[in-house]
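Undergrad: Right, I'll just put the structure down here and ask away after.
The values are calculated or read from the model by the stated rules, or taken from the named source; none is laboratory data. Keep in mind that this is a model prediction, so the values were computed, not measured. Cβ: placed from backbone, ideal geometry, glycine included. Neighbour counts: every protein chain shown. We work out accessible area using only protein heavy atoms, side chains counted, and drop any ligands, DNA or RNA first. Shrake-Rupley method; radii C 1.70, N 1.55, O 1.52, S 1.80 Å.
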Amino acid sequence: GAIAELIASRAASVTCLDTSERVIEACRRRLAEREHMRFVRGDMHQLPFGDDSFDQVLLLNCLTYAEAPHTVFREAARVLRPNGSIVGVTLAPHQHQRVVDGYNHIRLGFEPAQLSGWMRAAGLTVELCEVTSREQRPPHFEIITLHAASSSLAKPTS
């Protein structure tokens, strides 16, 4: 809900997705006065939305929870309208399992080339996928920023 709250005033509509009903309910409470907000319980590997539903998909700090990140990109591309975009941030590879244990991460980060390959395989045009910052405090996680666009042409079929 924190990210949704930050972008809510700049968007015509915002849909928040999480697998946890508890998280979805917390978002509803936090953003109850915002009429253009929608809260959906669902899985990023199998989005509960029709094709061409969104202008933009945000993948913010969620890929480390993905069992099949390539599927997440394929699903994000599917729900994007022509000329839509995906914006995301995730961690670069690291060796700090104990630090992230409390967050239940499945993955300890990604290589930018790997992420770029998955986005291209999903039919997206990669505009940015690189380490853009390094945390000042230990353990100095490196952050990858990604941006990709859907084509105005027909999308690949699965």
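Undergrad: So in region 6-50, with the set limited to residues that are of a type in the set (D, E, K, R) and out of contact with any strand residue (DSSP E or B) (no Cβ under 9 Å at 6 or more places or on another chain), which one is nearest to ALA68 (Cα to Cα)?
TA: ARG22
Undergrad: I need a count of the residues in region 133-147 that are on the phi < 0 side of the Ramachandran plot and either at pLDDT below 95 or loosely packed, with under 14 Cβ neighbours inside 10 Å (or both). Can you show your working first?
TA: Going residue by residue through region 133-147, those that are on the phi < 0 side of the Ramachandran plot are 133-139, 141-147.
The next check asks that each one be either at pLDDT below 95 or loosely packed, with under 14 Cβ neighbours inside 10 Å (or both); those that pass are 133-139.
Residues flagged as on the phi < 0 side of the Ramachandran plot and either at pLDDT below 95 or loosely packed, with under 14 Cβ neighbours inside 10 Å (or both) within region 133-147 amount to 7.
Undergrad: I'm trying to understand the selection: among the residues of region 8-24, which are at pLDDT 90 or above and open to solvent by less than 70 Å² (accessible area, probe 1.4 Å)?
TA: Within region 8-24, ALA11, VAL14, THR15, CYS16, LEU17, ASP18, SER20, VAL23, ILE24 qualify.
The rows are residues; the columns are (1) assigned to a helix (DSSP H, G or I); (2) at positive phi; (3) in contact (Cβ under 8 Å) with a residue 40 or more places away in the chain.
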{"position": "ALA8", "(1), (2), (3)": "yes, no, no"}
{"position": "GLU25", "(1), (2), (3)": "yes, no, no"}
{"position": "ARG34", "(1), (2), (3)": "no, no, no"}
{"position": "PHE39", "(1), (2), (3)": "no, no, no"}
{"position": "PRO48", "(1), (2), (3)": "no, no, no"}
{"position": "LEU59", "(1), (2), (3)": "no, no, yes"}
{"position": "THR64", "(1), (2), (3)": "yes, no, yes"}
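Undergrad: Residue pairs, Cβ under 7 Å, 6 or more apart or interchain, first in region 123-145 and of a type in the set (Gly, Ala, Ser), second surrounded by 12 or more Cβ atoms within 10 Å (Cβ to Cβ) and assigned to a strand (DSSP E or B). List them.
TA: SER133/ILE143
Undergrad: Of the numbered conditions (1) in a strand (DSSP E or B); (2) over 27 Å from PHE54 (Cα atoms), PRO138 fails exactly one; give the number of that condition.
TA: So PRO138 meets the others, but not (1).
Undergrad: Kindly provide the set of residues from region 24-59 that are among the aliphatic types (A, V, I, L, M) and over 22 Å from SER151 (Cα atoms), ordered by number.
TA: First pass over region 24-59, keeping only residues among the aliphatic types (A, V, I, L, M): 24, 26, 31-32, 37, 40, 44, 47, 57-59.
Correct list: ILE24, ALA26, LEU31, ALA32, MET37, VAL40.
Undergrad: If you don't mind, another one. Take the residues in region 94-129 that are surrounded by 13 or more Cβ atoms within 10 Å (Cβ to Cβ) and among the acidic types (Asp, Glu), then tell me which one is nearest to ILE144 (Cα to Cα).
TA: Restricting to residues being surrounded by 13 or more Cβ atoms within 10 Å (Cβ to Cβ) and among the acidic types (Asp, Glu), the top hit is GLU111.
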